[in-house]
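Reading through the C-alpha cells given below for one structure.
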Amino acid sequence: MATEIKAPTFPESVAEGSVAAWHKKPGDSVERDELIVEIETDKVVLEVVAPEAGTLAEVLVETDDTVQSEQVLGRIGEAAASDAEQAESSGDESSASDSESADQASTPKAAGGQQHEVKAPTFPESVQEGTVASWSKQVGEAVKRDEVLVEIETDKVVLEVVAPADGALSEIKAEADSQVASEQVLAIFTEGAGGDAAASSDGPSSAGEGKAAASADDGASDEQVGDKILAPAARKLVAEHDLDVAKLEGTGKGGRVLKEDVQKAVKEGSAKKAAKPASAAKAAAAAPAPAVEGERPEKRVPMTRLRKTIAKRLVEAQQTAAMLTTYNEVDMGAIMDLRAQYKDTFLKAHDTKLGFMGFFVKAASEALKRFPDVNASIDGDDIVYHGYQDIGVAVSTDRGLVVPVLRDTDSMKIADVEKGIVDFGKRARDGKLGIDEMQGGTFTITNGGIFGSLMSTPILNPPQTAILGMHKIQERPMAVNGKVEIRPMMYLAVSYDHRMIDGKDAVQFLVTLKELLEDPARLLLDV
C-alpha cells in the first residue's frame, strides 16, 4: 500500500513554498526518516523525510513547483527485494572489471553503494525558501560522513547540509544561486563512491584521472577567470565586493577559489583593486554587472534573499500598522560613571566588557512589566499579552540586519546580556545564527547610535507592537538645577502600533525608561 509524502505544516506567516530539490527519484529505495525532498519557503528550507522504508513510487510535484502546506508531494511503495540484490551484483561486477574501473570510478554505479537524496534542511515556519550559496564538494569527489556538502542561504541564516555517509556526490540537482524549498532534493549521494574514485585517481591510469576530473568540473559550475577557478558562491562575492581575482588564493581542490577564500580576502582587505589589471577586467566581464561606459560607472548586483525579505517586511509593517513615534532624551552621565568605575572589575569578573546595551535591556524589561500593552502583540483580531520579556537586539551584518532574541531578559543579569549580545554579533557576522534564535520576541531594541545617528524613527518588527531606538551620545548644554551644564545626552525613540498602544502608555513607557537609565539604582531597588 502506498504511503503519501506530504509537505510540512507551514506556519501562519508562510503562505506557500516551492520544491527546492528531490533527493530521490522514482524507483529509488528509501529508509525511514531519510531525506526525500526539500521545500523552500521565504524563511528557511524545510526537509521532508520518508515516513517509512520502501521505494519512491511516484513524484507528484517537480522541482521549482509551488506547493501548499501539507500538500501531497509523492508516494512511497513497498521496497523491492531485487533492488538490494541488483546493487550488490553491480558492486561485484565493478570490482571484477579491471579495464573499466578507472573510467567509472567517479560514478556512483561503480561504487555499488546505497544512494541517498541530499535534501535541504527543514525550514522553520517563517521561512519559505532559500538559495544554494555554494557547493563544497563536486560530483565524484570523496567525502566523509557529516562533512559539509552545500550551504543554503535563507533570509536569516546560512544552513549547512552534510554528507549522510562516506561516499561521493553522483548528481547535483540544484546549482549554486538556484532557489530551493524546504527539504528539496539538492543532489544524489552514493555511499562508498568517493573512496573508489580517489583510489582510481591515485593509480597509474591517466585516462581515469582525466574522467574523474571532468566529472568534478561538470558538477561544480565553476568559472575560470584568468588563471583562477572560481566556485559559484565565490564568483558572486567577488562581483559584490569588486575584488581583484588575481590576488585571491584558492584553498579548494585544484586551487579553486572558494567562498571562504573570498570572505577571508574581504576581511583582510587583501584583494582590493588598485588599477584594474587585465585579469580583473576579465572577471568583471564575467560577473553579473554591466560594462562600465564612459566616466559614469555603474554596477548591478542581485538583491540578496535577506535584503529582499527585509524590504518586504519593512513595507508590510508600514502598510499594516498604525505606526507612530514618540521621542525623549536621557542623560547618560550616571551610566557612564558606573562604566568608568567598574569596567575593569566587571571585565575580570565576567570576562566580557560592560557596555550600554545591558542597562537598556534591563531597563526595558522592567518598563515592559509595568506597561504590558507595549509587550503585547496582535494576532488577527486577538491581542496576545506575554507574561515574559523576550527582547530582540538588532545586529548589522554585511548581508543585512538580523534580530536575534534574548529570552527571559527579566531574569538575566547585565553580564549575561552583554555576553549574549557579543555572541549574537559574532555569529551573525559569520552567518551561524539559528532560525530559532531569531523567532519570537516581544520587543526590539535597535542602536543606530553606533553608526552616528543622532535621531531616527525605527520601524516596527511585526507582530510586535513597539520598538526602541537608541542613538548617539552627544554632549549638549542642559539646564540642571537652574544652571547650564554640559551633559552626555541621548535621544530615545519608541515607535508603536497605535491600534494596540495608546499615546499615553507609549509616552509613559518611554519616561519610565528615562528614569531607570538616569538613576540605575532604581533597577536594583525595583522603584
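Bear in mind these aren't lab numbers, they're just calculated from the coordinates by the rules spelled out. These numbers come from a predicted model, not from an experiment. When we count neighbours, we look across all protein chains shown, and the Cβ atoms used for this are built from the backbone with ideal geometry, even at glycine.
At 0.36 nm per residue, minus the direct Cα-Cα distance, what do Lys343 and His386 gain on full extension? Give it in nm, one decimal, please. Let's see the in-between values first.
Details: separation 43, 0.36 × 43 = 15.48 nm, distance 3.39 nm.
Extending this stretch completely gives an extra 12.1 nm.
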Extension gain (nm, one decimal) between Lys247 and Arg32, 0.36 nm per residue minus Cα-Cα: 72.6 nm
Too-long pairs where the Cα-Cα distance tops 32 Å, listed order kept, from Lys343/Lys426; Lys228/Lys419; Lys267/Lys514; Lys308/Lys343: Lys228/Lys419; Lys267/Lys514; Lys308/Lys343
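Of the cross-linked pairs Lys119/Lys144; Lys432/Lys472; Lys6/Lys137; Lys369/Lys413, which ones have a Cα-Cα span greater than 23 Å in the structure shown?
Numbers: Lys119/Lys144 17 Å; Lys432/Lys472 29 Å; Lys6/Lys137 29 Å; Lys369/Lys413 16 Å.
Cα-Cα > 23 Å for Lys432/Lys472; Lys6/Lys137; rest within.
So if we plug the beta-carbon distance of Arg145 and Glu298 into 1/(1 + (r/R0)^6) with R0 = 41 Å, what FRET efficiency do we get, rounded to 0.05?
Working: r = 47 Å, r/R0 = 1.14.
So the FRET efficiency works out to roughly 0.30.
Would you work out the charge dipole size for the range 390-527 about its Cα centre, treating the Cβ of every Lys and Arg as +1 and the Cβ of every Asp and Glu as -1, and quote it to the nearest 20 debye?
Numbers: 16 positive and 19 negative charges, 91 e Å.
Taking the Cα centre of the range 390-527 as origin, the dipole is about 440 debye.
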Taking only Cα atoms of the range 306-525, radius of gyration then Dmax in Å: 17.2, 52
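Is the range 428-468 best put as rounded, prolate or oblate by its Cα gyration tensor, with a ≥ b ≥ c the root eigenvalues, rounded for a/c under 1.5, and otherwise prolate when a/b is larger than b/c, oblate when not?
Working: a/c = 3.57, a/b = 1.26, b/c = 2.83.
In terms of gyration-tensor shape, oblate.
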Net charge over other residues, Cβ less than 12 angstrom from the Cβ of Tyr342 (K, R count +1; D, E count -1): +2
Anisotropy class of the range 424-527 from Cα gyration tensor, a/c 1.5 cut: prolate
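Suppose R0 equals 25 Å; then what is the FRET efficiency for Asp64 and Lys25 from their Cβ-Cβ distance, rounded to the nearest 0.05? List each step's numbers first, then the result.
Values: r = 16 Å, r/R0 = 0.63.
Once the sixth-power term is evaluated, E becomes 0.95.
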Cα gyration tensor, the range 350-432 - rounded (a/c under 1.5), prolate or oblate: oblate
Nonlocal amide H pairs with Asp65, under 5 Å, H built at 1.01 Å: Val19
